[in-house]
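Notes to accompany the following structure.
The values are calculated or read from the model by the stated rules, or taken from the named source; none is laboratory data. Keep in mind that this is a model prediction, so the values were computed, not measured. Methodologically, a virtual Cβ is constructed for each residue, glycine included, from the backbone with ideal geometry; neighbour enumeration extends over all protein chains shown. Ligands, DNA and RNA are stripped out before the accessible areas are found, and what is left, the full protein with its side chains, is counted by its heavy atoms. Shrake-Rupley method; radii C 1.70, N 1.55, O 1.52, S 1.80 Å.
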Amino acid sequence: MGNDLNHELRDGRDLVVGLDAGGTRTRAVLADADDGRVLGESTGGPGNAMTVPVPQLTDHLAETLARVVPADARARVVAVTGGFAGATAASAEDPGTSRARTALTGALGRLGIPAGRVGVCSDIEAAFAAAPGTPSEGLALVAGTGAVAMRITDRHATTTVDGDGWLLGDEGSGFWIGRSAVRAALRMADGRGRPTVLAGWVGRTLGLPVDVLPKGSIPSYDHGGTAQPSGTGAHPTGVPGWSRARREDFRRHLLPAVMADPPIRLARFAPLVADAAAEQDAVAGAILSEAADHLLESVRALEPRPGERIVATGGLLGPQGPLTTPLAERLRTHGLSLDWVADGCAGAVALARLAHPS
C-alpha cells in the first residue's frame, strides 16, 4: 500500500470488507465505510460454501482477510459482507448460507475483527449489486464455468433458472461448450458428425499421440452447413489420411483421457471453441450459437419486462467473451441489454456499506 492509503488506515475512520467467494478463489476488498474508497485487496483459496468443508472454508477466509486488513486496523471494521457461491441472502436456513456464516464468523473471530454487521449472500446477488448504482431489482445472468439466471427483488434472489450443475443443467456454460467440443470430436471420428478443427485441437490438448490425430485441411462450410469443394476427393470424414483405423485409435485414446479428470474440467475446452469459431469453423460456430440460445431461454424464463436491467458476469459474457455479441443481438430483439460486471467484490462492499448505519 502507498503512504496515502497507510495514512487512511491509521486515521480512525470506519472500514468495511467485501468478499467474493467462488469455486476457485476468494477475493476480499477493504474499503472506507463512508465513501467506499478501496484501501486494499487480497485473494485466497476456494470459497464455495457447499463444496468446501467449513473448517477449510474458515481457514481460506481467515487467510484472505488477514492479508487485506492490517492488525492495527481490525478493530475499526464495522461491517463485512460475503458473496458466496452456494449461498443465498433469501434464506438464513439455507445450508450453504448457514455454512458460509459459520465460517465467516469463525474467521473474523480468529482475527479479532469485531464487525458489528456480518452479511452473507450469494456471489450472484453480490455481483448484481456491483452494477452502477447498486441496483436492488432486476435480472442477473452468470455464464462462466456454470450458467444461471436469477430474478433479484429487494437485493435477494427470488427466482432461479438453471444453475443445476454439470450433470443436470448449466446449459450454455463453459462446461456445456467444452463438453460439446469433445462430443463434436467424437462424432467426427465415428462418422456421425461434420468435420471440425476441434477434433485435432481437443486431441492435442489432451496429449493424444500425434499419429491418431486428423491430418490435412478441414473443408469450409457455407452458412447453411453445406460442404464446399476442397479438391481432396471423397472421404468418409472429409479429412484425407484419417483412416477408419486411426479414427478408432483416436476414440480409444480420447475417452480415457477425458474420463481421467472430473467432469467439470471439460470447461477448459470452451476457449478452443471460441478460437475455432473465430476461424470460421462451422461446427464451433454452431456450438456458440446454441449456447447463446440456451442463455436467452434462461433469461426469457424469468419473464423480463422490456428495458429491465440484466446484470451479467462470467468470462463468457465479458468484454472479450465469445457469447457477448450473439446474446446481446438476441436480447435486443426483446428490448433487453446486458450490463456486465467483473465479479461481486464491489457489490459486497456496497452491501456492507448499506448495512452500516451512517
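Values for this structure:
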| item | result |
| --- | --- |
| Any chance Leu254 is within 30 Å of Val118 (Cβ to Cβ) and either in a helix (DSSP H, G or I) or in contact (Cβ under 8 Å) with a residue 40 or more places away in the chain (or both) | no |
| Meets criteria (within 17 Å of the chain's Cα centre (by Cα) and charged (D, E, K, R)) for Arg252 | no |
| Residue, most open to solvent (accessible area, probe 1.4 Å), within the range 296-343, restricted to residues that are closer than 21 Å to Thr24 by Cα and in a helix (DSSP H, G or I) | Gly315 |
| Residue in the range 50-59 that is under 22 Å from Gly347 (Cβ atoms), modelled with pLDDT of 95 or more, open to solvent by less than 20 Å² (accessible area, probe 1.4 Å) and of a type outside the set (Ser, Thr, Tyr) present | yes |
| Selection within the range 122-139 - in a strand (DSSP E or B) and surrounded by fewer than 22 Cβ atoms within 10 Å (Cβ to Cβ) | Gly138 |
| Any hit, the range 91-102, residues being among the polar types (S, T, N, Q) and in a loop (DSSP other than H, G, I, E, B) | yes |
| Single unsatisfied condition, Gly119 versus (1) in a helix (DSSP H, G or I); (2) of a type in the set (Gly, Ala, Ser); (3) in contact with a strand residue (DSSP E or B) (Cβ under 9 Å, 6 or more places away or on another chain) | (1) |
| Residues of the range 19-49 satisfying the condition of being crowded, with 24+ Cβ neighbours inside 10 Å and under 19 Å from the mean Cα position of the chain (by Cα) | Leu19, Asp20, Ala21, Thr26, Ala28, Gly47, Ala49 |
| Candidate set: the range 207-220, residues that are among the aliphatic types (A, V, I, L, M) and surrounded by 15 or more Cβ atoms within 10 Å (Cβ to Cβ); chosen: the one modelled with the lowest pLDDT | Ile218 |
| Spans of helices (runs of 4 or more DSSP H) in the range 165-206 with at least 1 residues open to solvent by 10 Å² or more (accessible area, probe 1.4 Å) and more than 26 Å from Asn48 (Cα to Cα) | 174-190, 198-205 |
| Single match in Ala286, Ala291 (criterion: at pLDDT 95 or above, over 17 Å from the mean Cα position of the chain (by Cα) and part of a helix (DSSP H, G or I)) | Ala286 |
| Among (1) part of a helix (DSSP H, G or I); (2) at pLDDT 95 or above; (3) in contact with a helix residue (DSSP H, G or I) (Cβ under 8 Å, 6 or more places away or on another chain), the one test that Ala79 misses | (1) |
| Among the residues listed as Asp261, Asp249, Asp293, Asp281, the single one being open to solvent by 70 Å² or more (accessible area, probe 1.4 Å) and acidic (Asp, Glu) | Asp293 |
